[in-house]
Amino acid sequence: MAAIVISVRGITMRFGGGGRAVDVLSDVSLDVPARQFLAVAGPSGSGKSTLLGLIAGLDRPTAGQITVAGVPVTALGEAGLARFRRDTIGYVFQSFHLIPTLTARENIQVPLELRGLEAQARADELLRRVGLADRGHHYPAQLSGGEQQRVALARAFSHRPRVLFADEPTGNLDGATGARVIELMSELNREAGTTLVLVTHDQTLAARAHRIVRLSDGALQSDSAAA
């Protein structure tokens, strides 16, 4: 059995206080083994993106514990969280979040340069891998939405993260382009041995995962292997 890479125990996320407090997540627990492709599904407002952000160390839960790749995320200070996000994870956003003043190649090089790693050859390798070998010198505004998301995917994989998080990565793309992005993500997941956690409300995309966790009103509704 594969080692557990993500451990979530009793996570609650509460916003507000007094009589106006709202639990966006309530006592959620789950384990994710190494190399698994997990889809977190559910309707809008179910807490999917909140859960992803907590596991990735982008926010802190009201209660509970999270461990990722042996790192006690919920026990870290800000400096420790910054190192964790830099060294351990990759993150793909729905809105791409590319740096507009940098070319596609330079966007991919940034996380490598921050780690003091050789950047240009790896960036060129990933541009070829995502089918953009001839677009590396273009700026984000000169790329289509699908091309921008492929650059964002290459950037997230650039430092070979232990875990990759993707929050509605096809939400701004048409169906055919979104399917291609998910296929690339799956291929890179298999080849690099990265654990992949994808948030989506699209049941067709969720079905491509190894396993689907469904949330409803901030609680874990079901946890099953994909069909």
Exercise. Can you pull out the residues in the stretch 176-227 that are in a strand (DSSP E or B) and within 16 Å of the chain's Cα centre (by Cα)?
Worked result: Thr195, Leu196, Val197, Leu198, Val199, Thr200, Arg211, Ile212, Val213
Seminar exercise, completed: The condition from (1) over 14 Å from the mean Cα position of the chain (by Cα); (2) in contact (Cβ under 8 Å) with a residue 12 or more places away in the chain; (3) closer than 26 Å to Glu183 by Cβ that Ser29 misses is numbered (3)
Exercise. Pairs, please: C-beta under 8 Å, at least 6 apart or cross-chain, first residue within 17 Å of Arg190 (Cβ to Cβ) and in the stretch 201-212, second modelled with pLDDT under 85 and not hydrophobic (A, V, I, L, M, F, W, C)?
Worked result: Leu205/Thr170; Leu205/Gly178; Arg208/Ser186
For this session: Confirm whether Val32 is part of a strand (DSSP E or B), modelled with pLDDT of 95 or more and at negative phi.
Result: yes
Problem set entry | Condition met for Thr50 (among the β-branched types (Val, Ile, Thr) and over 19 Å from Arg14 (Cβ atoms)) | no
Seminar exercise, completed: If we keep only residues of the stretch 108-126 that are in a loop (DSSP other than H, G, I, E, B) and at pLDDT below 85, then the residue surrounded by the fewest Cβ atoms within 10 Å (Cβ to Cβ) is Gly116
For this session: Kindly establish whether Gly16 is in contact with a strand residue (DSSP E or B) (Cβ under 6 Å, 6 or more places away or on another chain) and at pLDDT 95 or above.
Result: no
Problem set entry | Arg86, sole failed condition from (1) surrounded by fewer than 18 Cβ atoms within 10 Å (Cβ to Cβ); (2) farther than 19 Å from Pro161 by Cβ; (3) of a type outside the set (Gly, Ala, Ser) | (2)
For this session: Give Pro161, Pro169 a once-over and let me know the one that is under 20 Å from Ala206 (Cβ atoms), in a loop (DSSP other than H, G, I, E, B) and either hydroxyl-bearing (Ser, Thr, Tyr) or under 19 Å from the mean Cα position of the chain (by Cα) (or both).
Result: Pro169
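The values are calculated or read from the model by the stated rules, or taken from the named source; none is laboratory data. Note that the coordinates shown come from a computational prediction; the quantities given were computed from them, not determined experimentally. Note that we place each Cβ from the backbone using ideal geometry, even for glycine, and neighbour counts take in every protein chain shown.
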